[in-house]
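Here is the structure we will look at.
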Amino acid sequence: MATQEQISAARRHIEQLRDQHGGDVRGLIHLIDAGAIKGPAADRLLRDVQSWDQAFRAMFDRALSLLETLRPDGTRS
C-alpha cells in the first residue's frame, strides 16, 4: 500500500503530465491555425489532435479519480 506522500507525489506527477500535454496540444493547434499546414491535411490533423486531446484528458482524469480511491498505509476506508 502507498503512503500519503507517495499518493500526493503521484497526483502531482499526473497533473504535471496533464498540463504538459495540454501545452503541447495547444502549441500544435496554434501551428496548424497559423498556416504551418494547409488544406484537407490540416483539417484532418486538427480533428485528430482534438480527438487525441479528449482521449488523453479522459485518461488523466481517470488516473486522478483512481488516486482519490487510495487510502494511505495504516488508515481505514
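Just so it is clear, none of the values below were taken in a lab; they were calculated from the coordinates. Remember, predicted model here, so these are calculated numbers, not experimental data. Virtual Cβ from ideal backbone geometry, glycine too; neighbours counted across all protein chains shown.
Centre-to-centre, using Cα atoms only, region 26-55 and region 10-24 are separated by 21 Å. For the chain, a simple Cβ point-charge model (Lys and Arg +1, Asp and Glu -1, everything else neutral) yields a dipole of about 120 debye relative to the Cα centre.
Residues whose amide H comes within less than 5 Å of that of Ala2, counting only those at least five positions distant or on another chain, are Asp73 (H built at 1.01 Å from N in the peptide plane). Taking every Cα-Cα distance in the chain and sorting them into 10 Å bins from zero, the calculated P(r) comes out as 17, 36, 22, 15, 8, 2 percent. Couplings 3J(HN,Hα) of region 44-61, computed from phi: 5, 4, 4, 4, 4, 4, 5, 5, 4, 4, 4, 5, 5, 4, 5, 5, 5, 4 Hz, in residue order, whole Hz [Karplus 6.51 cos²θ - 1.76 cosθ + 1.60, θ = phi - 60°; x for Gly and Pro].
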